[in-house]
Every structure is written in structure tokens, then in C-alpha cells.
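One structure below.
Here, each number is a calculation from the coordinates, and none is a lab measurement. Please read these numbers as outputs of a predicted model, since none were measured by experiment. Counting neighbours? That spans all protein chains shown, and the Cβs are built from the backbone with ideal geometry, glycine included.
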Amino acid sequence: MNIHPSAILTLVLLVTHSQAFAAEKISPSEAAEIASEAYIYGYSLISVEMTRRVMTNVEKPMAKHAPMGQFANLREYPSAKFRDVTAPNADTLYSNAFIDVAKEPWIVSWPDMGNRYYVWEFYDAWVPVIFDPGSRTTGQKAQTYAITGPDWKGSLPDGVKELKSPTSTVWILARTYCTGTPEDYKAVWALQDQYKLYPLSSWGKEYSPPAGKVNPEIDMKTAVRNQVNALGAEDYFNWMAELMKDNPPTKEDAPIVAKMAKIGIVPGQKFDLEKLSPSIAKEIKKAPESAWASIVAYTNDAGETNHGWLLNLKIGHYGTDYMARAWLAAFGIPANAPKDAVYLMGQSDADGDPLDTSKHKYVIHFKSKKDLPPANGFWSLTMYNNQYFFIPNPLNRYTLSPRNKLKTNADGSIVLYLQSDNPGADKESNWLPAPSAIFIPMFRLYWPKENPPSVLDGTWWPPVIQKN
């Protein structure tokens, strides 16, 4: 019998944990360090599961939510009230689904996409990208895949390609480009209606998905990140250990899994603070606060900074960089891999000062069209508040991109205006409304060009943000 390597690791820990833990003595300071590392290690796992619970807690598909195994097709761009995921976009319409492949594979398919840019991202329970079909990688033709679990073995129908997931939970997110006009909305809806998702056992049959089950105890209003951060250490680690049973750690995770066992965090076993000494338990209880402070502080180290813009290319594939993964889960879940999309966050202006439109107005000055973001797909600039959510504004405009028909000056330059008040009718097309407060602008380059100038090799950066 073939056993998944991660399952072997889990079994070994389950067998040896009681004896090893009882015999090993650790200091309160060591327990505190391990607990903080464990919190960061599991942050993406908890975030994905919390997101799944919120987004699937409905009886039937809605704009932003759908039961397990069904698509929630976003029909219009989200408003400033949207809080389900951080750093949402207004460039592509989402088609979102969660599936559980523990018992059997699931089939996913989509039609010929014509000339429309699109990208699908498949994430495992820890949030790494495990597959990214789309315009860049697999082309525009109709495609069908079977998503299989870590231990599944069997045969698939002809013409169906296998996508093996290392975890039972799989998050599917399709992004389909849309200009946001009524006509283009309808064109994208016609494509979304042909996105299919069903279990392998229903292949060749008429499939009607069951109604979802609603849990009234699930908070559907509070932002997922806030719900995760509100968990106490015992609830957090107990939930984490439970989730690791069907969403096992990788072989590369063996060192931290062994370290977590020293404080009683073992995949598949209940975590109980009462089994620990009071001094150890006291330190572990501090982990959420101290670890979250570390995640927030990591922002300054999350990537390379140039011209006041932060670029993080450690997205989508993290290996054992658990801090990078936790940071992404906190502030940009879920994100594309860099070759599909790159994200640059504005951190400061030309003087090195924080971006705050309660004190200043700002501009971004491109010398010419050739200096605009180099992307094979398209680019956009999105405005967020300091919590990475959209800003209410009279234009309901959350992003600037070429579809805004940006005005070019007489000398060929293009100036983007970042401020809270309207700069005037002659500049409105180039205005990205900001709050009268601290803000975060984010450039997105979909399918960034790989030949210089390229954001991928550091030969292109956005112009510095200047006070106006």
C-alpha cells in the first residue's frame, strides 16, 4: 500500500508524541518562541479555512458566496463594503469555489475564451498555487481537468488532465478580465455560466448540486482577517491541529512539525493548554499577539523597495518561508504567482514620507506611454485604505487602468492624480480617489513582460509618488 509521505510523518508524530513530550522539558521562553513560530506557520491554513467557512455558508450560489462544490460568480465588481478577502481587485470578475477532494476527484472545465484574458489559480489549504492555467500558460481553448486528492489513484475519462492536490481542501479562483461596462459584464457572464464543477462520479450524468447548509453561528459580517486574529491561542492551535489531519504538512515541514510537538501541537490531536504547566501555558497564550506583531512588521521586509514601492516576488510558492506565506494570507489572500500577476504597493512618497491625503495631494508622472507598466495582459492601479479595502468615493472608482482612457499631456506624459477631492473635469479621467487619510496604492501587472524593461527582473519600477 502506498502512503503519502506527509501521512507517514503525521503517523510517526502521533505514535511518538506522548512519550517524547512527557520526557522533554522546555523553558517558558522556548515555549514562547515555538508558539510564535507555530502561529505564523499555521496562519495561512487558518485563514483559508476561515475564508472557506464564510464564503460557503449559504444555501445557494450568490454573487460572493456559494456552497461547497459550486461557483460563486461575481457579476459586478465589489463595492467598498466588501470584506471577504483583503486587497480585492476591480480588474477581473472572480469565479470562486471551494472543494473537498478527500473522497473523490472533482471535474472543472471552461469554454473557449476567445481573445479575453483570464487566469485560473488553484490553491491548496496552505494557500500556495498548485496550478495556474490561463492565457499565459495553457491558452484560450476549452479545457477540462480532474482535481485529485493526495492519495487518490484511478483512471480518468479521455481528454481529462489530472491535477493532484497535496491537501483535501482546494480553493479555486478564476479571474476573467472585464472592462466593467454593462455590455462587457454580459459577455463575461456568458462565459461564467459555462464554468462547470462537479464530482467525478457524476461524469456523463446530469448533475444538480445539493443545497448548502447554513451555520448561523458563523460570522458573515466581520472581515475574515479580524476573525482569525480574534482567536485565542488554544482555539487557534487546536483548530490548526485538526485541519492538519486532512491537509498534511509537507516533507519540508518536518522540522517545524517536530518543534511544535514539544508544546503539544500535533496533527490530528487535540491541543489542550491544561496539559501544560502554568508557566508554559502563560507564554503560549501570548503567541497570537506577538506573532501578529511580527507579521505586520514583516511588511518592511516582504520584498524589495524602490522609488517608494514595495515588490514581493515571494508569492504563490513559499517553500519553508512561513512568514512570507502568513503575510500574504493576512494582506493579499489569495494572490497570483508572479508570472501571472505582480503586485507593487506604494509605501512612501519622493521625500520618504508616509502616504497621507489628509496632509497632501499626490501625483504619479509617466514621461510617456512607453514608460507605463509593461504587461502582456494589462495593468491597473488600485486604491486601498490602510486595511487593504476599497475606498468609498462619488465615482465608485477603485482602480485606474488603460480602460479609463487616460488623458495624455501635450508633451506625451501621463499624470495620475491620487487625492481625496476631484482635481477637475479636465483631470478626472486620471483621478484615483483616495481617502482623506493614510492610504495604500497598488499596481497590478497581469502577465508581466519578461524581457527588459520588466518588473520581474527589476529593470522596471513605477515612478516615485510625488506631492502635488
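Arranged by the count of other C-beta atoms within 10 angstrom, fewest first, what order do 144, 399, 176 take?
Details: 144 15, 399 20, 176 25.
Ranking 144, 399, 176 by Cβ neighbours within 10 Å, fewest first, gives 144, 399, 176.
Quick check on the chain: helices-only [θ] at 222 nm, where DSSP H runs of length 4 and up contribute -39,500 (n - 2.57) each and the sum goes over total residues. Nearest 500, please.
-8000 deg cm²/dmol
Where the centre of each part is set by its Cα atoms, how far does the stretch 159-200 sit from the stretch 410-451, in angstrom?
So the separation of the two Cα centres works out to 30 Å.
What is the distance in Å between the Cα centres of the stretch 93-123 and the stretch 251-272?
33 Å
For the stretch 395-400, in order, what is each residue's ³J(HN,Hα) by Karplus, 6.51 cos²θ - 1.76 cosθ + 1.60 with θ = phi - 60°, in whole Hz (x at glycine and Pro)?
Using θ = phi - 60°, the values come out as 8, 6, 10, 10, 8, 10 Hz.
What ranking do 235, 91, 124, 100 get, fewest neighbouring Cβ atoms within 10 angstrom at the top?
On the way: 235 13, 91 25, 124 22, 100 17.
Placing the least packed residue first, the sequence is 235, 100, 124, 91.
Principal axis extents for the stretch 302-467, Cα atoms only, whole Å, descending order, please.
Computed over the stretch 302-467, the largest-to-smallest principal extents equal 50, 34, 29 Å.
Could you grab the relative contact order for the chain? Cα pairs under 8 Å, six or more apart, rounded to a whole percent. Walk me through the numbers on the way to the answer.
Working: 940 pairs, mean separation 84.8, N = 468.
Relative contact order here is 18 percent.
Below 13 angstrom from the Cβ of residue 140, what's the summed charge of the other residues (Lys, Arg +1; Asp, Glu -1)?
Values: positive: 116, 136, 141; negative: 112.
My count for the surroundings of residue 140 gives +2.
Around residue 131, which amide H atoms from residues at least 5 apart in sequence, or from another chain, sit under 5 Å from its own amide H, with H modelled in the peptide plane?
122
Find the centroid of the Cα atoms in the stretch 135-155 and in the stretch 232-249, then give the distance between the two in whole Å.
First find each Cα centre; the distance between them is then 29 Å.
So what's the stretch 57-97 giving for Rg/Rh, alpha carbon basis, Kirkwood Rh from the mean inverse pair distance?
Working: Rg = 10.1 Å, Rh = 10.7 Å.
My calculation of the ratio gives 0.95.
Could you tally the net charge around residue 440, taking each other residue with its Cβ under 14 Å from the Cβ of residue 440, Lys/Arg +1 and Asp/Glu -1?
Details: positive: 444; negative: 349, 356.
Surrounding charge for residue 440 is -1.
Out of residues 5 or more away from residue 309 or on other chains, whose amide H comes under 5 Å of its own, with H placed 1.01 Å from N in the peptide plane?
Counting only residues 5 or more places away or on other chains, the set is 347.
Specify whether the C-alpha gyration tensor of the stretch 58-202 places it in the rounded, prolate or oblate class, a ≥ b ≥ c being the square roots of the eigenvalues: rounded for a/c under 1.5, otherwise prolate if a/b is larger than b/c and oblate if not.
prolate
Checking the table 141/186; 103/286; 251/449; 64/103 against a 32 Å threshold on Cα-Cα, which pairs fail? It would help to have the intermediate numbers written out before the result.
Details: 141/186 20 Å; 103/286 38 Å; 251/449 34 Å; 64/103 26 Å.
Over 32 Å apart, Cα to Cα: 103/286; 251/449.
When the Karplus curve 6.51 cos²θ - 1.76 cosθ + 1.60 is applied with θ = phi - 60°, which whole-Hz ³J(HN,Hα) does each residue of the stretch 232-241 get, with x for Gly and Pro?
x, 4, 5, 5, 4, 6, 5, 5, 4, 5
Just in the stretch 153-236: which GluC sites (Glu not before Pro) are loop by DSSP and have at most 14 other Cβ atoms within 10 Å?
Values: sites: 162, 183, 206, 217, 234; in loops: 206, 217.
Here the GluC sites (Glu not before Pro) that fit, given the DSSP loop and packing criteria, are 206, 217.
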